[in-house]
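Participant: I have a structure here, written as structure tokens, and I will follow up with some questions on it.
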Amino acid sequence: MERTVPKTATEEIDLYQRTLYSLLRSTTEIQIKTLEEVHAGMISLLHPNARTHTPDTSAFIYSLLRLPSCIKQVHVVIIGQSAEVFKQHGISNVEEWQQVGAVARRRRCFFDGKEKMACFIASRSDIDDVIPVLTAYQIEWNKLHFLLGNIPDDFKIESVITNPTAFSQLANWLLMEFEDLHRLEIIWGDDFVSNILLIKSKKSQLRVNLLGGPLSEYWRATRSWWENIEVHSPELLERPVYFISSNMHSLTNIISGFALKRQSQIEDYLNHSDNITLLHEWQQIISGKEAASRENFLYYVLKKMQQSEGGQQPLAKLQKIDEEEKGIIRIVSTHYFDVDAQVIELGKINPDELDPRLKNVPNLEKLKDSDALILNIDYPLGLAAYNILAKIAEHANPILGVYIMGKAATLNGVMGDVMIPNVVHDEHSQNTYLFQNAFSAKDIVNDLVYGTVLDNQKAVTVLGTFLQNGKLADVFYREGYTDIEMEAGPFLSAIYEMYRPIRHPINEIVNLYGLPFDLGIIHYASDTPLSKGKNLGAGTLSYFGMDSTYAATLAIARRIFQIETKRLST
């Protein structure tokens, strides 16, 4: 038994959580300003300058990307596990409100068009995520509100759009670097000036109301989530299953061949698009001057096409029909948390239409005899991973493999690197899990163009993105933990219960060697928290970030094909 993290490294975070959950016991709304001091006291890696009077632009942008744009109109955020919970508290029509979403966080949210926003949550981890985000957002909004109030009355904020000198003056008055204000301009687009004027006109005074929070409500929401999947695909109850937690696009792209068959259509879109950068990148790729994957680029542009005006409905409909013909069905999560699923029949896969990088797997023709299914889910947040996998294991049998792919922060790499851990310390259970990872560097390195593969790593599952500070990161780094993420620990707790007759332990070293099924975990770096300003508020992975995503996805698909063809042979 060991205590990986000394208590002194987590005191500020413990204080924050005790304060937060004591306030949330209230049956009425709590004011976010009540949490501002303990939030600042954490000295979070994502919000190191919370206490200073100068804006922390990276923290503000990080929050903006994880909140729906209507947040600027919202006064009250209501949190609950399901539509039924909202109904029990007198909000019977919540799903009739306008559905809203964030750029960088999947969470089912609804806006009443006035001042209230409702959010569905899947576990306690959602609370540990959304409330620090709201707090950081309010702290930084109010800093800007104060600074904007000191700008001379004769300065016309509207002029900054066409006058670079005025833009620089505004940045100086806001105590920002020119580049930081420009980042806000890019994110807000046409709303940049109106948002600045709105910040100037009012303080942020957000309130939060948690509609109950018993553990049973999370279990009930997870059960209903699974029942929706079971209705659409009852075969999961009686056929072998490979479980994957990843995303809703990469696996189907490499299996269906839909984008690759439409290369000429995609090229036509590029030639007529005003996105000169994308067209130049494609020309560099097909000429051999750029080493990027042609297939990855086509997958990326297909998504851009679907998001473009007039392109979404026809293409999405065609893709849905094409995938269903190949035994791929998508199951949308309704009424509960936002975790969609896909069920893929291995027996209907056409080897001729696979991504070319998969065609070197021996005996692919045997897949036509397979009765196995892939259940792929949109990766959940934190403790929801435990609830979901535990529920799936309760009903799907046998499970032949469990594969986890997700984003992580790296303490020793750069954005776009791939980390493969064989040790995971879980801050939820305080367990340190040791396991045999199905993957190693050789499974990924040939498909990774821009990054580095780091295997034999030690990962730590943290409580939330804001709930980590410099002291904590220093302890992790000194003890060899370089991979920081949010789902692996809860997944491993569920895996322990999938082959042992007791509930997972607490604060122990847990040996998961000898599992009766395959287990693989791959993380790709989307954040470098020890580099100043290099969090996901400072930038996004862009097209080149797909390099690591698809390298990991190819490794998982290849592994499943290898295991399944071997199973069919024996």
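The values are calculated or read from the model by the stated rules, or taken from the named source; none is laboratory data. Nothing here was measured: the structure is a model prediction, and the numbers come from that model. Here Cβ is always computed from backbone atoms with ideal geometry, including for glycine, and neighbour counts include all displayed protein chains.
Participant: All but one of (1) farther than 22 Å from T27 by Cβ; (2) of a type outside the set (D, E, K, R); (3) assigned to a loop (DSSP other than H, G, I, E, B) hold for G90; which doesn't?
Facilitator: Just one mismatch for G90, condition (1).
Participant: A follow-up question, please. Quick check: anything in the range 525-545 among the hydroxyl-bearing types (S, T, Y) and at pLDDT 90 or above?
Facilitator: First pass over the range 525-545, keeping only residues among the hydroxyl-bearing types (S, T, Y): 526, 528, 531, 540, 542-543.
Those still in the list that are at pLDDT 90 or above too: none.
Within the range 525-545 (the criterion being among the hydroxyl-bearing types (S, T, Y) and at pLDDT 90 or above), the answer is no, since none of the residues qualifies.
Participant: For the range 116-128, state whether one or more residues are buried (at least 19 other Cβ atoms within 10 Å of the Cβ), of a type in the set (A, V, I, L, M, F, W, C) and under 18 Å from V38 (Cβ atoms).
Facilitator: Among the residues of the range 116-128, at least one is buried (at least 19 other Cβ atoms within 10 Å of the Cβ), of a type in the set (A, V, I, L, M, F, W, C) and under 18 Å from V38 (Cβ atoms), which makes the answer yes.
Participant: Same structure, new question: So which residues in the range 553-570 are β-branched (V, I, T), assigned to a helix (DSSP H, G or I) and out of contact with any strand residue (DSSP E or B) (no Cβ under 8 Å at 6 or more places or on another chain), if there are any at all? If you could, list the steps in order and put the result at the bottom.
Facilitator: Step one: of the range 553-570, the residues β-branched (V, I, T) are 553, 556, 560, 563, 565, 570.
So of that shortlist, the ones also assigned to a helix (DSSP H, G or I) come out as 553, 556, 560, 563, 565.
Answer for the range 553-570, where residues must be β-branched (V, I, T), assigned to a helix (DSSP H, G or I) and out of contact with any strand residue (DSSP E or B) (no Cβ under 8 Å at 6 or more places or on another chain): just T565.
Participant: Across the range 364-397, what is the total count of residues that are closer than 23 Å to V332 by Cβ and more than 18 Å from the chain's Cα centre (by Cα)? I'd like the intermediate steps shown before the answer.
Facilitator: Initial filter on the range 364-397 (closer than 23 Å to V332 by Cβ): 373-396.
Adding the requirement that they be more than 18 Å from the chain's Cα centre (by Cα) leaves 373-375, 390-396.
Total meeting the criteria: 10.
Participant: Would you kindly identify the strands (runs of 3 or more DSSP E) lying entirely within the range 446-532 that contain at least 3 residues that are touching a Leu at 6+ places or on another chain (Cβ under 8 Å)? Write out each step before concluding.
Facilitator: On the way: elements: 453-461, 481-485, 509-511, 518-527.
The strands (runs of 3 or more DSSP E) meeting that bar are 481-485, 509-511, 518-527.
Participant: Out of A438, A408, A473, which single residue is in the same structural domain as E497 (by TED's automatic domain parsing), touching a residue at least 24 places away in the same chain (Cβ under 8 Å), over 25 Å from L45 (Cα atoms) and among the aliphatic types (A, V, I, L, M)? Please lay out each step first, then the result.
Facilitator: Numbers: A408 fails: over 25 Å from L45 (Cα atoms); A473 fails: over 25 Å from L45 (Cα atoms).
The conditions single out A438.
Participant: Against the conditions (1) modelled with pLDDT of 95 or more; (2) surrounded by fewer than 20 Cβ atoms within 10 Å (Cβ to Cβ), where does Y242 fall short? Just the number, please.
Facilitator: (2)
Participant: Restrict the check to the range 2-23 and report whether at least one residue is under 21 Å from R124 (Cα atoms), touching a strand residue (DSSP E or B) at 6+ places or on another chain (Cβ under 6 Å) and surrounded by fewer than 21 Cβ atoms within 10 Å (Cβ to Cβ).
Facilitator: Yes, the range 2-23 contains at least one residue that is under 21 Å from R124 (Cα atoms), touching a strand residue (DSSP E or B) at 6+ places or on another chain (Cβ under 6 Å) and surrounded by fewer than 21 Cβ atoms within 10 Å (Cβ to Cβ).
Participant: Something else now. Within the range 52-70, which residues are part of a loop (DSSP other than H, G, I, E, B) and under 18 Å from the mean Cα position of the chain (by Cα)?
Facilitator: R66, L67, P68
Participant: Might you check whether a residue that is assigned to a helix (DSSP H, G or I) and either more than 28 Å from A390 (Cα to Cα) or outside the structural domain of L383 (by TED's automatic domain parsing) (or both) occurs anywhere in the range 96-106?
Facilitator: Filtering the range 96-106 down to residues assigned to a helix (DSSP H, G or I) leaves 96.
Add one more test, that the residue is either more than 28 Å from A390 (Cα to Cα) or outside the structural domain of L383 (by TED's automatic domain parsing) (or both), and what stays is 96.
For the range 96-106, residues assigned to a helix (DSSP H, G or I) and either more than 28 Å from A390 (Cα to Cα) or outside the structural domain of L383 (by TED's automatic domain parsing) (or both): present.
For (1) outside any loop (DSSP other than H, G, I, E, B); (2) outside the structural domain of W226 (by TED's automatic domain parsing); (3) not polar (S, T, N, Q), each residue gets a yes or a no:
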position: L315; (1), (2), (3): yes, no, yes
position: Q319; (1), (2), (3): yes, no, no
position: D322; (1), (2), (3): yes, no, yes
position: I329; (1), (2), (3): yes, no, yes
position: F337; (1), (2), (3): no, no, yes
position: Q342; (1), (2), (3): yes, no, no
position: I374; (1), (2), (3): yes, no, yes
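Participant: Considering only residues that are crowded, with 19+ Cβ neighbours inside 10 Å, polar (S, T, N, Q) and assigned to a loop (DSSP other than H, G, I, E, B), which ones fall in the range 245-288?
Facilitator: Of everything in the range 245-288, just one residue is crowded, with 19+ Cβ neighbours inside 10 Å, polar (S, T, N, Q) and assigned to a loop (DSSP other than H, G, I, E, B), namely N247.
Participant: Here is a follow-up. Please specify each residue of the range 430-477 satisfying the condition of being of a type in the set (K, R) and under 29 Å from R124 (Cα atoms). I'd like the intermediate steps shown before the answer.
Facilitator: Residues of the range 430-477 that are of a type in the set (K, R), as a first pass: 442, 458, 471.
The answer is K458, K471.
Participant: Quick one: is L237 in contact with an Asp or Glu (Cβ under 8 Å, 6 or more places away or on another chain) and either surrounded by 14 or more Cβ atoms within 10 Å (Cβ to Cβ) or not assigned by TED's automatic domain parsing to the domain that holds A122 (or both)?
Facilitator: Here the answer is yes, as L237 does meet what is asked.
Participant: Of a type in the set (V, I, T), surrounded by 14 or more Cβ atoms within 10 Å (Cβ to Cβ) and closer than 27 Å to D56 by Cα - does that describe any residue in the range 135-143? Full working, then the answer.
Facilitator: Going residue by residue through the range 135-143, those that are of a type in the set (V, I, T) are 135, 139.
The next check asks that each one be surrounded by 14 or more Cβ atoms within 10 Å (Cβ to Cβ); those that pass are 135, 139.
Imposing the further condition that a residue be closer than 27 Å to D56 by Cα reduces the set to 135, 139.
Among the residues of the range 135-143, at least one is of a type in the set (V, I, T), surrounded by 14 or more Cβ atoms within 10 Å (Cβ to Cβ) and closer than 27 Å to D56 by Cα, which makes the answer yes.
Yes or no, residue by residue, for (1) surrounded by fewer than 20 Cβ atoms within 10 Å (Cβ to Cβ); (2) in contact (Cβ under 8 Å) with a residue 24 or more places away in the chain:
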{"residue": "Y299", "(1), (2)": "no, yes"}
{"residue": "Q306", "(1), (2)": "yes, no"}
{"residue": "K326", "(1), (2)": "yes, yes"}
{"residue": "R330", "(1), (2)": "yes, yes"}
{"residue": "S333", "(1), (2)": "no, yes"}
{"residue": "A341", "(1), (2)": "no, yes"}
{"residue": "I377", "(1), (2)": "no, yes"}
{"residue": "P380", "(1), (2)": "no, yes"}
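Participant: When you scan the range 448-471, do you find a residue that is touching a helix residue (DSSP H, G or I) at 6+ places or on another chain (Cβ under 6 Å), farther than 19 Å from K407 by Cβ and not hydroxyl-bearing (S, T, Y), even just one?
Facilitator: Yes, because at least one residue in the range 448-471 is touching a helix residue (DSSP H, G or I) at 6+ places or on another chain (Cβ under 6 Å), farther than 19 Å from K407 by Cβ and not hydroxyl-bearing (S, T, Y).
Participant: Does any residue in the range 32-51 that is in a loop (DSSP other than H, G, I, E, B) come within less than 7 Å, Cβ to Cβ, of a residue that is surrounded by fewer than 21 Cβ atoms within 10 Å (Cβ to Cβ) and modelled with pLDDT of 95 or more six or more places away or on a different chain, and which pairs are these?
Facilitator: If the second residue must be surrounded by fewer than 21 Cβ atoms within 10 Å (Cβ to Cβ) and modelled with pLDDT of 95 or more, the pairs left are A50/A40; R51/A40.
Participant: Taking interchain pairs and intrachain pairs at least six residues apart, which have beta carbon atoms under 7 angstrom, with the first residue in the range 485-504 and over 16 Å from S245 (Cβ atoms) and the second part of a helix (DSSP H, G or I)?
Facilitator: Note: pairs meeting the criteria are E497/A390; R503/E497; H504/S493; H504/Y496; H504/E497.
Participant: Going through G149, G113 one at a time, which residue ends up being surrounded by fewer than 16 Cβ atoms within 10 Å (Cβ to Cβ), of a type outside the set (S, T, N, Q), assigned by TED's automatic domain parsing to the domain that holds H53 and on the phi > 0 side of the Ramachandran plot?
Facilitator: Numbers: G149 fails: on the phi > 0 side of the Ramachandran plot.
It is G113.
Participant: Does G213 qualify as being closer than 29 Å to G489 by Cβ, in contact (Cβ under 8 Å) with a residue 60 or more places away in the chain and touching a Lys or Arg at 6+ places or on another chain (Cβ under 9 Å)? Steps first, please.
Facilitator: Details: closer than 29 Å to G489 by Cβ: yes; in contact (Cβ under 8 Å) with a residue 60 or more places away in the chain: yes; touching a Lys or Arg at 6+ places or on another chain (Cβ under 9 Å): yes.
So G213 fits the description; yes.
Participant: Scan (1) part of a helix (DSSP H, G or I); (2) over 19 Å from T549 (Cβ atoms); (3) modelled with pLDDT under 85 for the single condition E309 breaks and write down its number.
Facilitator: Every listed condition holds for E309 apart from (1).
Participant: In addition: Can you confirm whether D154 is among the charged types (D, E, K, R), over 29 Å from P380 (Cα atoms), surrounded by fewer than 19 Cβ atoms within 10 Å (Cβ to Cβ) and modelled with pLDDT under 95?
Facilitator: The answer is yes for D154.
Participant: Restrict the check to the range 72-94 and report whether at least one residue is under 26 Å from L181 (Cα atoms), surrounded by 19 or more Cβ atoms within 10 Å (Cβ to Cβ) and in contact (Cβ under 8 Å) with a residue 24 or more places away in the chain.
Facilitator: yes
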